[in-house]
Amino acid sequence: MGKSPNIIVGRKPVLDAIGDFTPISSLWIDSTLKGPVEMELRKAAKAQNIPIKRVNRTILDRKYKVNHQGIIAYTSPIKFQELNDIIPAVYESGQVPFFLYLDRVQDVGNLGSIIRTAEALGVHALIIPSKKSAPINEQVVKISAGAVHNLPIVRIHSVHDTLELLTNNGIQILSSSLKAKKSIDFIDLTVPLCLVVGSEETGISNDIEKKSDDLFSIPQIGKTESLNAAIATGIITYEVQRQRRIESTSP
């Protein structure tokens with residue numbers, strides 16, 4: 001069993017890596033694996049919000065030729081941060097919190113572009129779910145032009161708990177939705193906020209929509225139904241900074 005630059009194989013090496021808090025992008029487990037080891041892996045992965053993918057053993061065989069014992073872990077090029085640490089730090093710095101949550105954005109190209117834009121436009125942290133999200137890998141690092149190393153990224157297990165944490169800290173949840181009647185430029189973005197952007201295929205989830213303080217849309221003139229997720233994020237994050245600059249220069 002062993003370790004390469006971006007992959008760890010075998011039960012003990014993977015468990016040791018998780019125990020040492022090695023950043024793990026995803027954990028792939030043989031779908032037939034059962035018993036104490038499998039339970040220990042699931043428990044350890046859940047504690048660090050590491051996504052688990054159950055796959056046929058032949059897939060693992062193709063990815064790694066030696067005896068992998070049914071377990072492969074892909075390492076992450078970044079260390080994920082804790083939202084509990086970031087929120088008070090932003091407030092203590094005297095800044096107005098500005099977070100971005102990506103709901104099921106699974107394209108690495110979009111994710112890399114969004115990270116680059118978010119870092120450039122002052123987002124304090126990017127929040128992504130542990131499931132149904134594009135992995136943070138070397139391709140994302142390249143597309144983000146290295147911005148992934150300068151923007152805190154939080155990977156969460158429970159969307160409900162995360163939104164509750166934000167709300168309890170005075171942060172409004174504002175979600176992009178094609179169903180919204182309000183245009184983004186008619187919403188106050190100078191307050192502490194978390195913007196939610198959904199996937200191009202399904203938008204934001206019903207649960208997030210219900211928990212949002214408000215919904216907004218980007219006004220469009222053409223006939224195209226929706227914008228690319230990365231482009232939409234660029235527009236709405238710029239609008240946040242536009243409003244906040246006006247607010248800061250007002251007498």
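The numbers here are math on the coordinates, done by the rules we state, and not lab data. These numbers come from a predicted model, not from an experiment. With ideal geometry, Cβ positions are generated from the backbone for all residues, glycine too; neighbour counts draw on all protein chains shown.
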Original post:
Percentage of Cα-Cα pair distances in region 81-120 greater than 14 Å, rounded to whole percent?
Top reply: 59
Original post:
About its Cα centre, what dipole magnitude does region 83-249 give when the only charges are +1 on Lys and Arg Cβ and -1 on Asp and Glu Cβ, stated in debye to the nearest 20?
Top reply: 280
Original post:
If you find the alpha carbon centre of region 148-195 and of region 1-72, how far apart are they in angstrom?
Top reply: 32
**OP:** Quote the relative contact order of region 120-233 in percent (integer), defining contacts as alpha-carbon pairs under 8 Å separated by 6+ residues.
**Re:** 24
Subject >> Segments 186-198, 105-117, 18-30 sorted - mean Cβ within 10 Å per residue, highest first >> reply: 105-117, 186-198, 18-30
Original post:
Where in region 198-216 does the amide nitrogen come within less than 19 Å of the point 7 Å from the Cα of Asp185, taken along Cα to Cβ?
Top reply: 215-216
Subject >> Percent antiparallel among DSSP beta bridges (both partners in region 1-112, rounded to 5) >> reply: 75
**OP:** Only loop residues by DSSP count here, and only those with at most 16 other Cβ atoms within 10 Å; note down the GluC sites (Glu not before Pro) in region 179-251 that meet that.
**Re:** Glu201, Glu225
**OP:** Kindly identify region 2-75 as rounded, prolate or oblate by the Cα gyration tensor criterion: order the square roots of the eigenvalues as a ≥ b ≥ c, call it rounded if a/c is under 1.5, otherwise compare a/b with b/c, prolate if a/b is larger, else oblate.
**Re:** oblate
Original post:
So which of Lys46/Lys182; Lys79/Lys211; Lys46/Lys210 end up more than 31 Å apart by C-alpha?
Top reply: Lys46/Lys182
Subject >> Packing rank of 153-165, 58-70, where each peptide gets the mean count of other beta carbons within 10 Å, highest leading >> reply: 153-165, 58-70
Original post:
Can you list the residues of region 188-207 with backbone N under 11 Å from a point 7 Å past the Cα of Leu178, pointing along Cα to Cβ?
Top reply: 200-204
**OP:** Before anything else, pin down the relative contact order of the chain: Cα pairs under 8 Å, at least 6 apart, normalised by residue count, whole percent.
**Re:** 18
Subject >> Pair Phe21, Asp207: separation of 7 Å Cα→Cβ label points (nm) >> reply: 2.7
Original post:
Among the listed pairs Lys12/Lys131; Lys12/Lys132; Lys142/Lys181; Lys53/Lys181; Lys65/Lys132, which are separated by more than 30 Å between their Cα atoms?
Top reply: Lys142/Lys181; Lys53/Lys181
Original post:
Per residue Cα convex hull volume for the chain, in cubic angstrom?
Top reply: 144
